[in-house]
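Heads up, the thing below is written out as C-alpha cells.
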Amino acid sequence: MTKAILGVIGGSGVYDLPGMEEIREERIASPWGEPSDALRIGRLGRTTVVFLPRHGRGHRYAPSDINYRANIDVLKRAGVTDLVSISACGSFKQELPPGRFVLVDQFVDRTYKRESSFFGQGCVAHVSMAHPVGPRLQQRIAEAAAAEGIDVARGGTYLCMEGPQFSSLSESLSYKAAGYDVIGMTNMPEAKLAREAEITYATVAMVTDYDCWHPEHHAVEVSDIIAVAKANAGNAARLVARLARDFPAEREPCPAKSDRALDHAIMTAPAA
Ligand code: ADE
C-alpha cells in the first residue's frame, strides 16, 4: 500500500498555504534542474501536504520560464501521489465570473516553448492524456468545496497559452467560439508531466477575469488577477485544508489510471 501524500502547486497570488503544521522546508535536487522554490512540507489534519509555489515566492518565474520537469520531479521525490494545481485563469463564459472556482477536466495545449516530457533520447514513452484529471481526486475536491460552502463549477476545458502576453480580441473570441471555458498559461505541460510521473492531477482554476472578449468588462490586466486572486486565496486555503482533512491515508486507484500511466506506455525495448 502506498501512503497518500497531497501536493499543492500554488499559482499567481497563492505563494503559501496557511494552516499547515509542523512545516519544514526542503530543497530536493533534481537532474532536471532548478525547481521554482524549496518545497514546504507539513501536515493538514492527518495528511502530509507538500506545497510548491509555481512562480516561486516573489513571483520570479514567467510561465514559459518555469522548470515544470524539475517541479514535478521534486514533488515525486517527496512522495506526492495526488497533486492539486491552483491556477488563476481568464473565463470565456458569462456564467463563470471572477471569483468562481472551476474544476476543469480537459486541457488544450497551445504552448510551444516548454520541455513537456521526461521521455525521449533513448527511452520513448507515450502516456494517455485522454482523461488528464483524476476523477476521484476531483470528486474529493468538489466534496471539500461543498463542505466549506465554496461555489465550484464541475468540468470544463482549460486552454493553455504560451504567453506571457495576454490574448488578442480575435484570439479570445475564437477560443470562446470553440467552446473552451477558461484560459491560463501554466497547466501545460504540468498536467502531462504529472501523468508521466504517475501522479494524479486535478486543477482548481480560479477565475480572475473575462480575458478581453466581454463587451462590459475591460481587457484583463495584471492588477485584476492580483486583486481577485488575493481576495480568493482564503477560499483556496480552506478548500485545500478540508480536502486534506478528509483525505484517505492510502493512495486510491485512479479511474483514469494515472497511478499506472506507464504500465503500457514504454515503446523502447529493454537493453539486451
Ligand atoms: N491568467 C489569468 N487570467 C488570464 C488570462 N485572461 N489569460 C491567460 N492567463 C490568465
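Some observations on this one:
- Cα→Cβ-extended label distance, 7 Å offset, between Leu173 and Met1, nm: 5.8 nm
- Inverse of mean 1/r across different Cα pairs in region 121-201, Kirkwood, Å: 15.1 Å
- Cα centre as origin, Lys/Arg/Asp/Glu Cβ charges: region 78-185 dipole, Debye: 120 debye
- Å² per residue, accessible surface of the chain at 1.4 Å: 45 Å²
- Residue-averaged [θ]222 nm for the chain, counting only DSSP H segments that reach four residues, each worth -39500 (n - 2.57): -8000 deg cm²/dmol
- Global geometry of region 113-272, whether rounded, prolate or oblate, following the gyration tensor of its Cα atoms and the 1.5 cut on a/c: oblate
- Placing +1 on the Cβ of every Lys and Arg and -1 on the Cβ of every Asp and Glu, with nothing else charged, gives the chain a dipole about its Cα centre of roughly 540 debye.
- In region 170-232, the portion of solvent-accessible area held by carbon and sulfur atoms comes to 56 percent [1.4 Å probe, whole percent, DNA, RNA and ligands not counted].
- Here the accessible area of region 44-166 is 47 percent carbon and sulfur, with a 1.4 angstrom probe and all protein chains present.
- Cα gyration tensor category, rounded, prolate or oblate, for region 62-200 with a/c compared to 1.5: oblate
- Rounded to 5, percent antiparallel among DSSP beta bridges of the chain: 35 percent
- Sorting the segments 32-43, 3-14, 58-69 by their residues' average number of neighbouring beta-carbon atoms within 10 angstrom, most packed first, yields 3-14, 32-43, 58-69.
- Net length available on complete extension from Ile266 to Gln94 is 57.7 nm, with 0.36 nm assigned per residue and the Cα-Cα distance removed.
- Sorting 153-161, 185-193, 248-256, 262-270 by average packing, meaning the other beta carbons within 10 Å per residue, from highest down gives 185-193, 153-161, 248-256, 262-270.
- Proximal aspartates and glutamates relative to Lys113, as straight alpha-carbon distance under 15 Å, when same-chain residues fewer than 8 apart are discounted: Asp65, Glu162, Glu190
- Positive-end residue of Ala269, Ala145, Pro18, charge dipole of the chain with Cβ unit charges: Ala269
- Cα gyration tensor, region 36-134 - rounded (a/c under 1.5), prolate or oblate: rounded
- Kirkwood radius and radius of gyration were both taken over the C-alpha atoms of region 146-185, and their ratio Rg/Rh is 1.12.
- In this structure, Arg46 and His218 have a Cβ-Cβ separation that, at R0 = 35 Å, corresponds to a calculated FRET efficiency of about 0.15.
- For the chain, the spherically averaged projection of the C-alpha convex hull amounts to 14.4 nm².
- Each DSSP beta bridge with both residues in region 48-183 is either parallel or antiparallel, and the antiparallel ones are about 25%.
The values are calculated or read from the model by the stated rules, or taken from the named source; none is laboratory data. Not measured: the values here are computed from a predicted model. Here the Cβ is made from the backbone with ideal geometry for all residues, glycine too, and neighbour counts use every protein chain on show. Ligands, DNA and RNA are stripped out before the accessible areas are found, and what is left, the full protein with its side chains, is counted by its heavy atoms. Shrake-Rupley method; radii C 1.70, N 1.55, O 1.52, S 1.80 Å.
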